[in-house]
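Written below as structure tokens is the structure these notes are about.
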Amino acid sequence: MAVKAADIANTYPIPVYRFVVSVGGESMSFSEVSGLDIAYDTITYKHGLGKIHMPGQQSDINITLKRGLVKKKSQFYDWIHSISLNQIDKRDITVSLTDATGQKPVVTWNVSNAFPKKLTAPSFNGGSNEVSVEQL
């Protein structure tokens with residue numbers, strides 16, 4: 001039995017290097033996105049015969065966005081700097097794995113009402129030749 005190219009394309013795992021990210025409707029380039037997790041807290045109910053574990057509330061998630069530091073593009077700094085007491089600019093984040101052309105989303109994750117908790121500047125090393133990467 002011959003395997004067709006279309007069958008291979010539909011059953012082959014999607015590569016992780018073809019992705020696009022939108023933050024607040026603005027498309028941005030990133031070198032890495034991590035933390036797209038779904039988790040639930042565990043509730044332990046103890047009674048006379050033992051204990052039972054049950055799922056509780058959904059846990060909060062912490063997404064990490066990494067990108068190269070570029071001159072005159074300080075969207076991360078501007079976003080976290082806009083925070084003041086009880087006032088924050090919450091934004092929706094969309095991460096999509098794309099097909100081989102990079103145009104059509106195959107799988108998409110949507111995060112609503114995200115806000116920055118921490119901005120990490122690049123590590124500096126005089127003996128290194130690496131790109132400066134900021135992390136939010």
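The values are calculated or read from the model by the stated rules, or taken from the named source; none is laboratory data. Because the structure is a prediction, the values reported are computed rather than measured. Virtual Cβ from ideal backbone geometry, glycine too; neighbours counted across all protein chains shown. Remember, those area values only see protein heavy atoms, side chains included, never the ligands or the DNA or RNA. Shrake-Rupley method; radii C 1.70, N 1.55, O 1.52, S 1.80 Å.
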Seminar exercise, completed: Taking segment 71-85 and keeping residues of a type in the set (Lys, Arg) and open to solvent by less than 100 Å² (accessible area, probe 1.4 Å) leaves none
Exercise. Which ones in segment 1-23 are surrounded by 10 or more Cβ atoms within 10 Å (Cβ to Cβ) and either in contact with a Cys (Cβ under 7 Å, 6 or more places away or on another chain) or in a loop (DSSP other than H, G, I, E, B) (or both)?
Worked result: 14, 15, 18
Exercise. Which one is surrounded by the most Cβ atoms within 10 Å (Cβ to Cβ), of the residues in segment 58-70 that are touching a residue at least 40 places away in the same chain (Cβ under 8 Å) and charged (D, E, K, R)?
Worked result: 67
For this session: Give the residue that is most open to solvent (accessible area, probe 1.4 Å), with candidates limited to residues of segment 95-104 that are touching a residue at least 12 places away in the same chain (Cβ under 8 Å) and farther than 16 Å from residue 26 by Cα.
Result: 100
For this session: Would you check if residue 123 is without any contact (Cβ under 8 Å) to a residue 60 or more places away in the chain and open to solvent by less than 60 Å² (accessible area, probe 1.4 Å)?
Result: no
Problem set entry | Residues of segment 15-48 satisfying the condition of being modelled with pLDDT of 90 or more and over 29 Å from residue 101 (Cα atoms) | 39, 40, 41, 42, 43, 44, 45, 46
For this session: Return only the number of the condition from (1) surrounded by 10 or more Cβ atoms within 10 Å (Cβ to Cβ); (2) part of a loop (DSSP other than H, G, I, E, B); (3) modelled with pLDDT of 90 or more that residue 118 does not satisfy.
Result: (1)
Problem set entry | Single residue of segment 24-57 satisfying the filter (touching a residue at least 24 places away in the same chain (Cβ under 8 Å) and either part of a strand (DSSP E or B) or touching an Asp or Glu at 6+ places or on another chain (Cβ under 6 Å) (or both)) that is surrounded by the fewest Cβ atoms within 10 Å (Cβ to Cβ) | 26
